[in-house]
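Here the structure is laid out as structure tokens; the discussion comes afterwards.
What follows draws every value from the coordinates through simple rules; no lab data is involved. The structure presented is a predicted model; accordingly, all values stated were derived computationally and were not measured. Here Cβ is always computed from backbone atoms with ideal geometry, including for glycine, and neighbour counts include all displayed protein chains.
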Amino acid sequence: MFRFMAMFACDYYVPAFFLGQYPKYRAQFSILYAAMCAVCGLSSSIQGGVLSDKYKTKSHRAYSYIAIGGALISWPFQVMSCLTLNNFWMSITGVGGKYLFGENFWGPNIAMISNSCPQKKLGNFISAQNFFNILAGCATTLIFGSAVNTFNLANSPAAIGKLVALFCSIGYGGSCLAWWKAGKHYKKMQEAEGNFCDGD
């Protein structure tokens, strides 16, 4: 849920920040942002799956460590992209870093859920995860938009950038704590079923 707070804040308000802060770079932003979402995001998702397959037999907490690592690496890039106010290329590089390292959680998340629940109910668990994730993301956009309207920030891209950085920091920090707890619980469940890893 926390990760989707950061995701929705970025997806809806990073463009508002860039188009307001760097109006002369609208064409460059639209092309680069789309390319980074597609190429860097896909690369990160594949990277998460590859790392999960490589380390899953070495530690039951590998899934959570991979997700946490991606969030910790990508968080500074996201903050940099929204708090840099005088250099478009540095800001857009931050967006690229955020997508390149921060989308690796999909595979580990699904793997932990799939390995932790009865297979007949896997669809229910995945649906519940998606429901609460989208609910958290929608609540984030509602709160964010209300803050922008209440404090009249629509014409202040710098203020929007600060809000994005704040929401992303909460989202990334909260997701790291949630993944750490999930990894701990996942390890306990696996060992209770007699599944042990050499690295644990």
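Quick look at the values:
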{"item": "Cα-centred dipole magnitude for segment 2-192, charges only on beta-carbon of K, R (+1) and D, E (-1), debye, nearest 20", "result": "500"}
{"item": "Where labels lie 7 Å past Cα in the beta-carbon direction, separation of Tyr65 and Met189 in nm", "result": "2.0"}
{"item": "Value at 222 nm in deg cm²/dmol, rounded to 500, when DSSP H runs of n ≥ 4 in the chain each add -39,500 (n - 2.57)", "result": "-27000 deg cm²/dmol"}
{"item": "Percent RCO, i.e. relative contact order, over the chain, from Cα pairs under 8 Å lying at least 6 residues apart", "result": "41"}
{"item": "Segment 19-88: trypsin sites (Lys or Arg not before Pro) falling in loop per DSSP and having at most 15 other Cβ within 10 Å", "result": "Lys58"}
{"item": "Residue exposure sequence - Phe4, Phe18, Phe125 - by fewest surrounding Cβ within 10 Å", "result": "Phe125, Phe4, Phe18"}
{"item": "Segment 1-42 shape via C-alpha gyration tensor axes, a/c threshold 1.5", "result": "oblate"}
{"item": "Two-decimal Rg to Rh for segment 2-192 - Kirkwood Rh, Cα set", "result": "1.02"}
